[in-house]
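Worksheet: the structure to be examined is printed underneath.
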Amino acid sequence: MADHRNGGGQPANGKASGGGANSYKIDLENFSRRLKLLYSNWNEQKDDLWGSADVIAIATPPESQDLRYLKSSALNMWLFGFEFPETIMVFTRKQIHFLCTQKKASVLEVVTRSARDAVGVDILMHVKARGDDGIASIDAILNAISALSKGDATPVVGYPVREAPEGRLLENWTEKLKSANFQLTDVTNGLSDLFAVKDGNEILSIKKAAYLTANVMKNYVVPKLENVIDEEKKVTHSSLMEDTEKAIQDPSKAKVKLKADNVDICYPPIFQSGGEFDLRPSAASNDELLYYDSASVIICAVGSRYNSYCSNIARTFLIDANPLQIKAYEVLLKAQETAINSLKPGSKLNAAYHAAVSVVEKDAPELVPHLTKSAGTGIGLEFRESGFNINAKNERVVKQNMAFNVSLGFQNLQNQTKNPKNQNFSLLLADTVIVGEKVEVATHVSTKAVKDVAYSFNEDQEEEERPKVKPEAANGAEPIMSKTTLRSDNHEISKEELRRQHQAELARQKNEETARRLAGGGSGGGDSRSASKTSADLIAYKSVNDLPPPRDLMIQVDQRNEAVLLPIYGSMVPFHVATIRTVSSQADTNRNCYIRIIFNVPGTPFNPHDANTLKTQGSIYLKEVSFRSKDPRHISEAVQQIKALRRQVMARESERAERATLVTQEKLQLAGSRFKPIRLSDLWIRPAFGGRGRKIPGTLEAHVNGFRYSTTRQDERVDIMFGNIKHSFFQPAEREMITLLHFHLHNHIMVGNRKTKDVQFYVEVMDVVQTLGGGKRSAYDPDEIEEEQRERDRKNKINMDFGNFVNRVNDLWSQPQFSTMDLEFDQPLRELGFHGVPYKASAFIVPTSSCLVELIETPFLVVTLSEIEIVNLERVGLGQKNFDMAIVFKDFKKDVLRIDSIPSTSLDGIKEWLDTTDIKYYESRLNLNWRQILKTITDDPQSFVDGGGWEFLNLEVSDSDSEKSEESDQGYEPSDVQSESESDDDASDSESLVESEEEEEQDSEVDSEEEKGKTWEELEREASNADREKGDESDSEEERRKRKMKATFGKGRPGPSSNSMRKRAKLR
């Protein structure tokens, strides 16, 4: 199992104070008492349980990522309250030897006096350096053991035989121990007996763990299942496991007031349904969907730890149960309660199991073969205490203050049905029980009565089934009523229905608002593409005399004048590097090298005419040139020089163009003597300043009318005016590595040589390091605990400093002169977040009160909710694990924002959030080509309004009207069909609304600066394809209209049998 421990968990009985190794103090009173118990049990049960051992050797392995329970680790926790990984303890009658590092030794040395006072033994520390293999210390310990021999008798050394050595130290220890002249024996039974009877502190820890476990089941798991079943959600067992695990590690979710640092899971929670059941504690939740149809069974098992002490609970839920299932559950419940009541001090463990079997034999003898072979185990520091299994053979005696996990079940029962999902079913009940003067069920908070675990949705058969379930009801006994609160007879309006009604009202308001905006010539018009950038007059040389002196007729690159000289017909012809689109080279089999240079040619698809090229429309342009050479080195150097020079020129021109479009900002007014500026130090900035020097942190100051960020370098300074701030965010570090302040601006500013609307200041709350030693460290290693405590303190201090800065700035912004700016720091609502891919990488996207943001990964995502027109949830309803979100803005000139690959488990949460923020959303089965849709709307807004506005996206309306007309599934139809003469627009209008990867690739080629030019053959092939779509000249006007409408809207809603729905590769 994977280890899901809280890395910052406070170990049992650990007390933090001061600093250094002494921060972790051992409870000496507890140590003395338990050391006495160890030696007392060892002396009294030496031959029966301790294998006649004269010496007890305990070797604790290094930390592991696996969640495991070891006797060595349990003894560490039991004696000291901490786990000491890679530590060897050797107990003799007069000495205790410790082999460990210096830091662990400094923690352990405090027990020296307590050990001597308690049992009269001396503590001997064998300290090893971190890189030492420990051989010398091991030899010293083995020599001390050899000295214990009396005459010819060799010492008997006991150790947990089943624990395999891990790490170099333990491997050396085991090898030396086995090669020494000692008798070896197993002390596992002795340690189990030592841990079996708990003291008051241990009982309290088990009760707290059981209280948490029961409340997680009652207040989190059961409501979660009820919600899933009531709203018919599709949820996997593994996702339920993950959510429940988080609830255990955050007790507040289960309405329990326990410190999260002290709790952890015993094992990953188990959820099973759909005919596949495994009642073993090592079972795992699979990725299948939760199955809750009629006659189905759901098994849930949850285990949690408090101060390392375990507890467990398991419940079975019955959905529209048949008589066989009800009877089997009642028998199982009675058998488990009988087993629990049989665990009395002085009785034997097998008596409890026989009592349970007797109940089943009496009430349902046909179920005896299906009963589990064990009724549970002892529980404590270990989830399963070996030697205390409740089965038919174990004759160990039950003692007061023992704790048990009483777990009983029926495996592989059969229903009379052909449905494989509910043909096979199992039942399981488990509780944590403490044996005192009376037997106490510590997990009693979570009920297991039939009426509380049986859910009935099949109301038509309910009256018929009840007399069969409880025939004695006719004799006056109260019949068992199944739980029907989820779908009761009062027909209350469900949350989904309320949301649907609200969305219908939003649709009406949104269509009216859009119609008014389009009618008024608002932001709905225009092409979504920005105007093409005009080319400047490119001059490499003012006259022929400026050309460099000719050398050999070879390609030359003039870095100073940014020109490439090509030998053409015996002359060197100069070309400015900005006229070159791409340059490439290749070699053939005859060792000839070729260089191909493609130029920017105005008038081609990727290079439209601008104001300068229109002056010389009659000019002839060179499209490409190729040269052959026998010198591959020269060809390679020429290609690299041209590419490097081109990148340099393009970067310079791009920065110049960006600076030309900047809006002039007001001047920053420094605080001066009026007030001291609000300051936050040691911050990093994103985007970072350019340059090759070492990056250094800076300071952010709040002045009279804006912020200033500066470093110790004079040229690294950024001013952000309050009036230019559109949104400001404060995100403290919780699960992230950074705490940040983020500003989203109205107008672009320059940070270094970058033009940006988003500026972020952040601090890393912990160091990103990786241990190279290869050894794994324990969650209870004092070194690890100390390091984690330092990280928590650092994170809390940084979050507090940022919080104080934010509060002071908010007070500044509350002054009257800033009231019109509506400035305030917003915090992301993490509980509403979801994972998605807004750009190229997956990120955690979080809503705020006014935005949808992702502020950790770059590029940043900041979407203002008030600027959203509608949201379309795409690829929904296909049984897929992911769906996409398309955000359409009120400004139709802006490209639609896509967030891809959102887990389907987030669908309901996103719908609820969109509905509460009054954003109209739609659902579609496929991805749509939004660029073409917006162009169609802006070209003919009246047809869009007359056709119902955005309701063409409404799947419910479209599906219900699909049989009335062929075009109704497309939502609306443009009223005017363009004639054949308008051939310029036909090619674009005939594009499909379903977006394909090929179209995206073409779009990316348009934006790429390094893409290769198309050959004449490719252009001719595209022209022929366009002609084929338009049809022959002999086609009638009606045929052309139908073909065009089919191409435009026909792929938007393919039938359910379409194979394309399952292939993401074809749809984007």
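Keeping every protein chain in place, order PHE944, PHE860 by accessible area at 1.4 Å, biggest value first, i.e. largest first. Could the numbers behind the result be given before it?
Numbers: PHE944 5, PHE860 30 Å².
These residues rank, largest area first, as PHE860, PHE944.
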Q: Sort the stretch 200-455 into rounded, prolate or oblate with this rule: let a ≥ b ≥ c be the square roots of the eigenvalues of the Cα gyration tensor; rounded if a/c is under 1.5, and if a/c is not under 1.5, prolate when a/b is larger than b/c, oblate otherwise.
A: oblate
**Q.** Geometric extent, Cα atoms of the stretch 25-163 - Rg, Dmax (angstrom)
**A.** 14.8, 46
Q: Give the accessible area for VAL441 in Å² (nearest 10); use a 1.4 Å probe, count only protein heavy atoms, and leave out ligands, DNA and RNA.
A: 40
**Q.** Cα-Cα over 28 Å, subset of LYS25/LYS795; LYS233/LYS253; LYS224/LYS348; LYS726/LYS920; LYS94/LYS178
**A.** LYS224/LYS348
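Assuming R0 = 51 Å, can you tell me the calculated FRET efficiency for the pair ASP132 and SER252, based on Cβ-Cβ distance, to the nearest 0.05? Numbers along the way, then the final one.
Values: r = 45 Å, r/R0 = 0.89.
After rounding, the FRET efficiency stands at 0.65.
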Q: Inverting the mean 1/r over all pairs of different Cα atoms, compute the Kirkwood radius of the stretch 843-953 and quote it in Å.
A: 14.9
**Q.** Residues whose placed amide H lies under 5 Å from that of LEU928, excluding near-sequence neighbours
**A.** GLU995
Q: Mind giving me the FRET efficiency for VAL663 and ASN705? R0 is 22 Å, r the Cβ-Cβ distance, nearest 0.05 is fine.
A: 0.90
Q. For the modelled label position 7 Å from the Cα of GLU764 along Cα-to-Cβ, which residues of the stretch 695-728 have backbone nitrogen atoms closer than 18 Å?
A. 695-699
**Q.** Heavy-atom accessible area ranking, 1.4 Å probe, most first, across SER239, SER252
**A.** SER252, SER239
Q.
Based on alpha-carbon centroids, what's the gap between the stretch 88-143 and the stretch 219-236 in Å, whole number please?
A. 53
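Pairs LYS623/LYS894; LYS176/LYS198; LYS334/LYS393; LYS36/LYS71; LYS46/LYS373: which exceed 27 Å Cα-Cα? Before the final figure, lay out each step's value.
Numbers: LYS623/LYS894 33 Å; LYS176/LYS198 35 Å; LYS334/LYS393 22 Å; LYS36/LYS71 18 Å; LYS46/LYS373 31 Å.
Distance filter (> 27 Å) returns LYS623/LYS894; LYS176/LYS198; LYS46/LYS373.
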(Q) So, taking all protein chains as they sit and a 1.4 Å probe, how much accessible area belongs to VAL445, in Å² rounded to tens? (A) 40
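The values are calculated or read from the model by the stated rules, or taken from the named source; none is laboratory data. Computed from a predicted structure; not experimentally measured. Reconstructed Cβ throughout: ideal geometry from the backbone, glycine too, with neighbour counts over all protein chains shown. Just so you know, the surface numbers come from the protein's heavy atoms only, side chains and all, with ligands and any DNA or RNA stripped out. Shrake-Rupley method; radii C 1.70, N 1.55, O 1.52, S 1.80 Å.
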